[in-house]
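J.: Sharing a structure here in structure tokens format.
The values are calculated or read from the model by the stated rules, or taken from the named source; none is laboratory data. What you see is a predicted model, and the numbers here were worked out from it, not measured in a lab. Neighbour counts run over all protein chains shown; Cβ positions are idealised from the backbone, glycine included. Quick note on the areas: whole protein, heavy atoms, side chains included, nothing else; ligands and nucleic acids left out. Shrake-Rupley method; radii C 1.70, N 1.55, O 1.52, S 1.80 Å.
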Amino acid sequence: MKGIGERLKNLRENENISQRQMSRLLGLLENGYANYEHEHTEPSIKKIVLLAEILHTSVQYIIIGETLTAEFDKEVTPFPQRLRELRKKKQLTQTEVASELGIRKATYQGYEYNKYEPKLDKLLQLADLFDVTLDELLGRNEK
């Protein structure tokens, strides 16, 4: 996901927060956050949601650069719960969702049972499949 590092850097600088301070806010090792900006590692779902909160933006903007006008509550629905809710709302089985994502059913089940986290490309596929923003997918609730 090219561009995430640059967006994170710009957002962080606009908030006047150092990389070291950001690492502390995220509960990472001293230079852990720098790896996100240099795109050496991808943040976990929890870290992405926390980044959006700290940087006063949306997950959607961080990941794909699309600005949302919505404001979000501090309350976040856990990702596995939100995933199940969205799947059931679309009346899809776990097998059908796994097939759409091109993964094994067991892998998808791991997402719903909080054993695995999808990579960013799978998050984008899930958001498209369920026709929701990344913020909605990751459990951020609009005010």
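J.: Inspect all residues belonging to the stretch 56-64 and state whether any of them is without any contact (Cβ under 8 Å) to a residue 40 or more places away in the chain and either within 15 Å of LEU138 (Cα to Cα) or out of contact with any strand residue (DSSP E or B) (no Cβ under 8 Å at 6 or more places or on another chain) (or both).
T.: No.
J.: Which one is nearest to TYR36 (Cα to Cα) among residues in the stretch 63-86 that are polar (S, T, N, Q) and touching a helix residue (DSSP H, G or I) at 6+ places or on another chain (Cβ under 9 Å)?
T.: Residue satisfying both the conditions and the ranking: THR67.
J.: Please verify whether GLU53 is surrounded by fewer than 20 Cβ atoms within 10 Å (Cβ to Cβ) and in contact (Cβ under 8 Å) with a residue 40 or more places away in the chain, treating the condition exactly as stated.
T.: So GLU53 fails the test.
J.: I need a count of the residues in the stretch 30-65 that are more than 14 Å from the chain's Cα centre (by Cα) and farther than 20 Å from ASN16 by Cα.
T.: The total comes to 2.
J.: Look at the stretch 63-86 and say how many of its residues are hydrophobic (A, V, I, L, M, F, W, C) and in a strand (DSSP E or B).
T.: 2
J.: Within the stretch 80-98, can you find the residues that are of a type in the set (A, V, I, L, M, F, W, C) and over 18 Å from TYR116 (Cβ atoms)?
T.: Of everything in the stretch 80-98, just one residue is of a type in the set (A, V, I, L, M, F, W, C) and over 18 Å from TYR116 (Cβ atoms), namely LEU92.
J.: For GLN60, which of the numbered conditions (1) in contact with an Asp or Glu (Cβ under 9 Å, 6 or more places away or on another chain); (2) assigned to a loop (DSSP other than H, G, I, E, B) fails to hold?
T.: Exception for GLN60: condition (2).
J.: Another question, if that's okay. Go through the stretch 74-92 residue by residue and tally those that are open to solvent by 70 Å² or more (accessible area, probe 1.4 Å) and more than 16 Å from ASP135 (Cα to Cα).
T.: The number of residues fulfilling the criteria is 4.
J.: What is the residue count in the stretch 108-123 for residues that are modelled with pLDDT of 95 or more and out of contact with any helix residue (DSSP H, G or I) (no Cβ under 7 Å at 6 or more places or on another chain)?
T.: Within the stretch 108-123, residues that are modelled with pLDDT of 95 or more and out of contact with any helix residue (DSSP H, G or I) (no Cβ under 7 Å at 6 or more places or on another chain) number 2.
J.: Take LYS46 and decide whether it is out of contact with any helix residue (DSSP H, G or I) (no Cβ under 7 Å at 6 or more places or on another chain), within 18 Å of LEU124 (Cα to Cα) and open to solvent by 20 Å² or more (accessible area, probe 1.4 Å).
T.: Yes; evaluated as a whole, the condition is true for this residue.
J.: Output the number of residues of the stretch 1-51 satisfying the condition of being within 26 Å of GLU136 (Cβ to Cβ), of a type in the set (A, V, I, L, M) and in a helix (DSSP H, G or I).
T.: Residues in the stretch 1-51 being within 26 Å of GLU136 (Cβ to Cβ), of a type in the set (A, V, I, L, M) and in a helix (DSSP H, G or I): 11 in total.
J.: While we're on this one: Within the stretch 26-43, which residues are at negative phi and either loosely packed, with under 15 Cβ neighbours inside 10 Å or hydroxyl-bearing (Ser, Thr, Tyr) (or both)?
T.: Of everything in the stretch 26-43, those that are at negative phi and either loosely packed, with under 15 Cβ neighbours inside 10 Å or hydroxyl-bearing (Ser, Thr, Tyr) (or both) turn out to be LEU29, GLU30, ASN31, TYR33, TYR36, HIS38, HIS40, THR41.
J.: I'm checking my understanding of the structure. Among residues of the stretch 93-143 that are among the acidic types (Asp, Glu) and in a helix (DSSP H, G or I), which one is surrounded by the most Cβ atoms within 10 Å (Cβ to Cβ)?
T.: ASP135
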